[in-house]
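All remarks here apply to the structure that follows.
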Amino acid sequence: MNSVQDEVAEIQVSYKTTNTPKEKISTAKSAYKVFLSTWNLDTIELQEEFKIMLLNRANSLLGIYSLSKGGITGTVVDQRLVFAVALKCNATAILIAHNHPSGKLQPSEADITITKSINKCGEILNITLIDHLIVTKEGYYSFSDEGKLM
């Protein structure tokens, strides 16, 4: 008979980075350009996607994580996964973004609600939510620039 100790999986944590220069994100416009470069412009108007930009203390880009892809009118955003990724990457700040396949840049009530929730979670974990962008091929909406980051 196996002991309980033989059945428990060991958790390992690792962290690896490179010494290559990292792009500094200082404005919503610079974040939009980086985010847009990660979107497939052939499908940006087809289905909604949600992405996370991870930054260090100097607001230098650590990377972008594609969290979810959904349908025409929405995608699932689990804030536990948002912060699991941020914590694993040793990020101290994040920007979040999603596209509106309709091309409309105004936030929905669901967009406002998830922004508030992620911001509140970030405060608890001391990970700053710098901005939430809604992106299209033609432009972006910035919660921060519009004074809507709660």
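Regarding the stretch 52-60, can at least one residue be identified that is part of a strand (DSSP E or B), β-branched (Val, Ile, Thr), within 15 Å of the chain's Cα centre (by Cα) and under 24 Å from residue 146 (Cα atoms)? Within the stretch 52-60, one or more residues are part of a strand (DSSP E or B), β-branched (Val, Ile, Thr), within 15 Å of the chain's Cα centre (by Cα) and under 24 Å from residue 146 (Cα atoms). Screening 146, 138 for residues that are within 22 Å of residue 39 (Cα to Cα) and open to solvent by 90 Å² or more (accessible area, probe 1.4 Å) leaves exactly one candidate, 138. Across the stretch 105-127, the number of residues qualifying as without any contact (Cβ under 8 Å) to a residue 40 or more places away in the chain and surrounded by fewer than 17 Cβ atoms within 10 Å (Cβ to Cβ) comes to 13.
Filter the stretch 28-51 down to the residues that are open to solvent by 70 Å² or more (accessible area, probe 1.4 Å) and not in a helix (DSSP H, G or I) and list them by number. Explain how you work it out, then say what you get.
First, pick out the residues of the stretch 28-51 that are open to solvent by 70 Å² or more (accessible area, probe 1.4 Å): 29, 33, 37, 40-42, 45-46.
Within the stretch 28-51, 40, 41, 42, 45, 46 meet the criteria.
The single condition among (1) loosely packed, with under 13 Cβ neighbours inside 10 Å; (2) part of a helix (DSSP H, G or I) that residue 72 does not satisfy is (2).
I'd like to verify a number: residues in the stretch 86-104 that are open to solvent by 50 Å² or more (accessible area, probe 1.4 Å) and either of a type in the set (Lys, Arg) or not in a helix (DSSP H, G or I) (or both), how many? Full working, then the answer.
Narrowing the stretch 86-104 to residues open to solvent by 50 Å² or more (accessible area, probe 1.4 Å): 87-88, 90, 102, 104.
Imposing the further condition that a residue be either of a type in the set (Lys, Arg) or not in a helix (DSSP H, G or I) (or both) reduces the set to 88, 90, 102, 104.
Of the residues in the stretch 86-104, 4 are open to solvent by 50 Å² or more (accessible area, probe 1.4 Å) and either of a type in the set (Lys, Arg) or not in a helix (DSSP H, G or I) (or both).
The values are calculated or read from the model by the stated rules, or taken from the named source; none is laboratory data. Note that the coordinates shown come from a computational prediction; the quantities given were computed from them, not determined experimentally. Every residue, glycine as well, gets a Cβ built from its backbone with ideal geometry; the counts of neighbours run over all protein chains shown. The protein model used for the area step is the full one, side chains on, heavy atoms only, and it has no ligands, DNA or RNA in it. Shrake-Rupley method; radii C 1.70, N 1.55, O 1.52, S 1.80 Å.
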